[in-house]
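The values are calculated or read from the model by the stated rules, or taken from the named source; none is laboratory data. What you see is a predicted model, and the numbers here were worked out from it, not measured in a lab. Backbone-built Cβ (ideal geometry, glycine too); neighbour counts: all protein chains shown.
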Amino acid sequence: MRPVIGILPAAGLGSRLHPFAYPKELLPIGYRWSADHQEVAPSLVIEHSLDAMAFAGITRCLLIVSPNKSEVVRVLGAGTARGPRLAYVVQPQPAGLADAILQARPFIADLDCNACLALPDTWFRPIDALERVTRELDATGADLMFGVFPTTTPEQLGPVGIRPDGTVEFVLEKPAVSPCRNTWGVAAWTPRFFQLLDEESKRSTDDLLLQHVFDRACRTPGLSVRAVEFPTGSYLDLGTRRGIGQALAQQRRHARQSRSAHRRSTVTT
């Protein structure tokens, strides 16, 4: 299996949360309970994607930051004991996701490795989604693999058309009307897709949209694009006030269930 390096683009301006000026990736979105359920520690938005990478066995991650995101570097440093080791790449201008990913390419181009992508302001379930996507990329010989989740707001995200055999027909960019009620949430790819992304960036005269490159890959002869669906999973965009509210509600439900299970276990023993 080819090694996998994580890419986490965290250079966004956070304009959807204006006038909030703190890096959205560092928002505490809940708390982690200690094993004995006596202590808690804040859980940052970005830590969910890092945890998913760790679950997938990814040991190295490139975190893309803007020049004004030094606070992200200060807080996360070289990474934590439970997550991948972090290195940082600066995206000089806010030119979108495709450009952010291209900033990472020179640092992994000579490593003959695959890459996986998660977004630092999203929250998805199941937590092993990224592990399954990276595993299927290798097992199927695909060049690009998506993790696809159900959503009620595909018009605000990136819906994916999936054929019965698991191959991908199209990827849309926030369509006015979506033909499917899903969105991609995580992705993984081989160097062949990285090459296509590089070629598309050289042809483009405007800011390149990542969804458009994903869609182009579906129609590029010789490239295999597939998806893993998580029909009972969930995907939240925490870059919006609504998404943060949904995540907090979900976190409260999980905390109640966890405490209840702990109490039942204590009584039983």
(message) Checking residue 63 against (1) buried (at least 22 other Cβ atoms within 10 Å of the Cβ); (2) touching a residue at least 60 places away in the same chain (Cβ under 8 Å); (3) under 13 Å from the mean Cα position of the chain (by Cα), only one condition comes out false. Which one?
(response) (2)
(request) Collect the residues in the stretch 181-219 that are aliphatic (A, V, I, L, M), touching a Gly at 6+ places or on another chain (Cβ under 9 Å) and under 15 Å from residue 144 (Cα atoms), keeping them in residue-number order. (result) 186, 187, 188, 210
(message) For the structure I just gave you, tell me whether residue 170 is in contact with a strand residue (DSSP E or B) (Cβ under 8 Å, 6 or more places away or on another chain), farther than 28 Å from residue 55 by Cα and either among the aliphatic types (A, V, I, L, M) or not in a loop (DSSP other than H, G, I, E, B) (or both).
(response) yes
(request) Please verify whether the stretch 21-32 includes one or more residues that are under 23 Å from residue 214 (Cα atoms), of a type in the set (A, V, I, L, M, F, W, C) and surrounded by 21 or more Cβ atoms within 10 Å (Cβ to Cβ). (result) no
(request) Report the residue count in the stretch 77-107 for those that are part of a strand (DSSP E or B) and of a type outside the set (Val, Ile, Thr). (result) 4
(message) Just checking, does the stretch 124-133 include any residue being surrounded by 23 or more Cβ atoms within 10 Å (Cβ to Cβ) and either of a type in the set (Asp, Glu) or under 19 Å from residue 216 (Cβ atoms) (or both)?
(response) no
(request) Name the residue, out of 105, 82, that is surrounded by 14 or more Cβ atoms within 10 Å (Cβ to Cβ) and of a type in the set (D, E, K, R). (result) 105
(request) Evaluate the following for residue 243: is it at pLDDT 75 or above and touching a strand residue (DSSP E or B) at 6+ places or on another chain (Cβ under 7 Å)? (result) no
(request) Determine which member of the set 262, 212 is out of contact with any Cys (no Cβ under 6 Å at 6 or more places or on another chain) and at pLDDT 95 or above. (result) 212
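Residues are listed down the side, and each one gets a yes or a no for (1) under 22 Å from residue 61 (Cβ atoms); (2) touching a helix residue (DSSP H, G or I) at 6+ places or on another chain (Cβ under 8 Å):
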| residue | (1), (2) |
| --- | --- |
| 96 | yes, yes |
| 124 | yes, yes |
| 134 | yes, no |
| 159 | no, no |
(message) The conditions are (1) farther than 26 Å from residue 73 by Cα; (2) more than 19 Å from the chain's Cα centre (by Cα), and residue 106 fails exactly one of them. Which is it?
(response) (1)
(message) Let me confirm something: among 226, 216, which residue is assigned to a helix (DSSP H, G or I), more than 15 Å from residue 97 (Cα to Cα) and either within 19 Å of the chain's Cα centre (by Cα) or free of Cβ contacts under 8 Å to residues at least 24 places away in the same chain (or both)?
(response) 216
(request) Could you check residue 74 against (1) in a helix (DSSP H, G or I); (2) in contact with a strand residue (DSSP E or B) (Cβ under 9 Å, 6 or more places away or on another chain); (3) surrounded by fewer than 17 Cβ atoms within 10 Å (Cβ to Cβ) and say which number it fails? (result) (2)
(request) Please indicate, with yes or no, whether at least one residue in the stretch 4-14 is in a helix (DSSP H, G or I) and modelled with pLDDT of 85 or more. (result) no
(message) Can you report the number of residues in the stretch 174-203 which are of a type in the set (S, T, N, Q), over 20 Å from the mean Cα position of the chain (by Cα) and farther than 18 Å from residue 99 by Cα?
(response) 1
(request) Being of a type in the set (A, V, I, L, M, F, W, C) and either under 19 Å from residue 74 (Cα atoms) or within 26 Å of the chain's Cα centre (by Cα) (or both) is the filter; apply it to the stretch 33-49 and report the residue that is surrounded by the fewest Cβ atoms within 10 Å (Cβ to Cβ). (result) 41
